[in-house]
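The values are calculated or read from the model by the stated rules, or taken from the named source; none is laboratory data. Computed from a predicted model, the values in this text were never measured in an experiment. Here the Cβ is made from the backbone with ideal geometry for all residues, glycine too, and neighbour counts use every protein chain on show.
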Amino acid sequence: MSIHLHLRAVAESEIRDDHTWLAEFMWKAWENHPDEYAAGIADSIDKVWSSVDALYAAGEVLAADADTDTDTDTDGDKPWTLPIYGGRPVAHSMDADPSNPPLMFLEPPGVSQAADFLARVSFDELWNVAGPKLVGRGWDEAEARQEFLDRHRSLQNFYGRAAAAGHGVVKVVWA
C-alpha cells in the first residue's frame, strides 16, 4: 500500500476554506506532482513522514540545550512542529464523505517559521539526537541517514521557496 504526505505551496488568496474544493484542488496537484515538484511548488514524503517529524522534534532538545530559560509553551515558539504536522485542519462538511483525505493549511507566517527553522537547524545535530531511534531493524545506518538528509534538504528547498513567495502550504495524506 502506498501512502504519502503531499505538500503544495499556494498563494493564500487562491485557497478556499472548503474541504471538498481543497481535496479536488490537491488531487489535481497530485496528478501533476512530477511537474509541480520540478517547479518547486510541491513535495511529498512516502510512508515515513512521522519519522521525519520525529527527527525535527529533536529541535526541542537542541533548543532546550541552547537556552534553558526559554519558555516554549506556544506553537509559534516550536518551529520544529511546523514542517510536517503544522497548520490548521480543514474541516469536513457534515455531509462529506468520511473517506475524504485529511487536509491541513499552514498559513504564510507558519511557512516562514518552518523555512527559517529548516534553514537554521543543523541536520547533524538533529541526527545525533534522533537518528539512533529512527534507524529501523535491518536498515543500514548510513543509508537511513542519507535518506533523512535527502528528505531534509528537499523540505528546506520547498519551504524556502514557499516562504520567499509568501505562500501558504496545503498538506494532505493520500492512501
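Here are the numbers for the structure shown:
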read-out: Hits in the range 34-54 (condition: more than 12 Å from the chain's Cα centre (by Cα) and assigned to a helix (DSSP H, G or I)); value: Pro34, Asp35, Glu36, Tyr37, Ala38, Ala39
read-out: Check on Val90, touching a residue at least 60 places away in the same chain (Cβ under 8 Å) and either surrounded by 18 or more Cβ atoms within 10 Å (Cβ to Cβ) or within 14 Å of Val52 (Cα to Cα) (or both); value: yes
read-out: Matching residues in the range 1-12 - criterion: being of a type outside the set (A, V, I, L, M) and either surrounded by 12 or more Cβ atoms within 10 Å (Cβ to Cβ) or at pLDDT 95 or above (or both); value: His4, His6, Arg8, Glu12
read-out: Qualifying residue in the range 137-151 (condition: among the acidic types (Asp, Glu) and part of a loop (DSSP other than H, G, I, E, B)); value: yes
read-out: Given (1) modelled with pLDDT under 95; (2) over 21 Å from Arg153 (Cβ atoms); (3) of a type in the set (D, E, K, R), index of the condition Lys47 fails; value: (2)
read-out: Residue match in the range 21-33 (condition: polar (S, T, N, Q), at pLDDT 95 or above and part of a helix (DSSP H, G or I)); value: no
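Yes or no, residue by residue, for (1) modelled with pLDDT of 95 or more; (2) more than 17 Å from the chain's Cα centre (by Cα); (3) not hydrophobic (A, V, I, L, M, F, W, C):
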| position | (1), (2), (3) |
| --- | --- |
| Pro102 | no, no, yes |
| Pro108 | yes, no, yes |
| Val111 | yes, no, no |
| Val121 | yes, no, no |
| Trp139 | no, yes, no |
| Asp150 | yes, no, yes |
| Ala162 | yes, no, no |
| Trp174 | no, no, no |
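Residues checked against (1) among the aromatic types (Phe, Trp, Tyr); (2) over 25 Å from Val10 (Cα atoms); (3) touching a residue at least 12 places away in the same chain (Cβ under 8 Å):
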site: Val121; (1), (2), (3): no, no, yes
site: Asp124; (1), (2), (3): no, yes, no
site: Ala130; (1), (2), (3): no, yes, yes
site: Gly136; (1), (2), (3): no, yes, no
site: Ser154; (1), (2), (3): no, no, yes
site: Gly160; (1), (2), (3): no, no, yes
site: Val173; (1), (2), (3): no, no, yes
